[in-house]
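K.L.:
Would you mind keeping the following structure in view while I ask a few things?
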Amino acid sequence: DAKTTQPTSMDCAEGRAANLPCNHSTISGNEYVYWYRQIHSQGPQYIIHGLKNNETNEMASLIITEDRKSSTLILPHATLRDTAVYYCIVRGGLQGAQKLVFGQGTRLTINP
Amino acid sequence: DTGVSQDPRHKITKRGQNVTFRCDPISEHNRLYWYRQTLGQGPEFLTYFQNEAQLEKSRLLSDRFSAERPKGSFSTLEIQRTEQGDSAMYLCASSLARRQISEAFFGQGTRLTVV
């Protein structure tokens with residue numbers, strides 16, 4: 001699985017959009033980009049995933065660059081409950097590449 | 001609540017004792033994963049099952065660790081002769097393998113403290 005690079009920490013004001021970047025320059029054609037988050041003392045929570053098109057769900061939007069070497073997770077109206085560690089993961093689409101490989105993630109703090 | 005249950009939530013044990021954790025996945029999920037997470041680090045993959053078959057084991061899973069999923073439903077993770085370095089959060093996740101790509105749902109974890 002390709003390696004990802006994320007900033008160690010970010011701050012965002014409550015009510016503003018939080019934009020979390022991720023670099024995955026070695027991503028291969030059949031690998032998906034996944035985002036999970038982990039709120040303190042809880043298990044990781046799935047947010048969204050995508051292959052090459054931008055994706056949106058009730059939690060967030062995922063913007064993937066045309067060359068697929070980077071992506072941005074967007075939380076449109078951040079709340080205090082969005083304070084968490086956010087993990088960007090690249091995961092293979094082949095049947096055998098099923099595990100999620102977590103890095104250090106980005107610690108996002110939403111400030112009132 | 002994701003539907004993945006782990007028991008116990010917390011375990012304190014003395015060094016050298018054996019401990020066993022249980023994970024109940026979402027009922028229709030045929031894949032089950034175990035991860036370990038230490039303070040300040042992301043979760044580290046330990047092993048995964050498809051139905052009752054253990055298909056992959058990490059090098060982190062030493063001989064003292066064993067995982068089972070006897071009927072393809074719940075799973076147990078046993079650590080024998082615990083060491084202080086085993087202190088961590090042990091996370092279980094499950095997913096449905098019918099689709100090529102499917103998200104994994106995590107439980108709340110079992111926090112192990114070895115004293």
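The values are calculated or read from the model by the stated rules, or taken from the named source; none is laboratory data. Please read these numbers as outputs of a predicted model, since none were measured by experiment. We place every Cβ from the backbone using ideal geometry, glycine too, and count neighbours over all the protein chains shown. Protein only, heavy atoms only, side chains kept; ligands, DNA and RNA dropped before computing areas. Shrake-Rupley method; radii C 1.70, N 1.55, O 1.52, S 1.80 Å.
K.L.:
Out of (1) within 8 Å of chain A (Cβ to nearest Cβ); (2) under 16 Å from A:Tyr46 (Cβ atoms); (3) under 15 Å from the mean Cα position of the chain (by Cα), the odd one out for B:Glu103 is which?
P.N.:
(3)
K.L.:
Any residue in region B:83-90 that is surrounded by 16 or more Cβ atoms within 10 Å (Cβ to Cβ) and within 11 Å of chain A (Cβ to nearest Cβ)? Spell out how you get there, then give the answer.
P.N.:
Of region B:83-90, the ones surrounded by 16 or more Cβ atoms within 10 Å (Cβ to Cβ) are B:86-90.
Checking which are within 11 Å of chain A (Cβ to nearest Cβ) leaves us with B:89-90.
The answer is yes; a qualifying residue exists.
K.L.:
Every residue in region A:29-50 that is open to solvent by less than 50 Å² (accessible area, probe 1.4 Å) and part of a loop (DSSP other than H, G, I, E, B), please.
P.N.:
A:Ile39, A:Gly43, A:Pro44
K.L.:
What do you reckon, is B:Ser27 free of Cβ contacts under 8 Å to residues at least 60 places away in the same chain and more than 10 Å from chain A (Cβ to nearest Cβ)? Don't jump to the end; show me each part of the working.
P.N.:
Details: free of Cβ contacts under 8 Å to residues at least 60 places away in the same chain: yes; more than 10 Å from chain A (Cβ to nearest Cβ): yes.
Considered against the rule, which asks whether it is free of Cβ contacts under 8 Å to residues at least 60 places away in the same chain and more than 10 Å from chain A (Cβ to nearest Cβ), B:Ser27 comes out as yes.
K.L.:
List the number of the failed condition for B:Gln108; all other conditions in (1) touching a Gly at 6+ places or on another chain (Cβ under 8 Å); (2) within 14 Å of chain A (Cβ to nearest Cβ); (3) surrounded by 21 or more Cβ atoms within 10 Å (Cβ to Cβ); (4) not hydrophobic (A, V, I, L, M, F, W, C) hold.
P.N.:
B:Gln108 satisfies all of (1) touching a Gly at 6+ places or on another chain (Cβ under 8 Å); (2) within 14 Å of chain A (Cβ to nearest Cβ); (3) surrounded by 21 or more Cβ atoms within 10 Å (Cβ to Cβ); (4) not hydrophobic (A, V, I, L, M, F, W, C) except (3).
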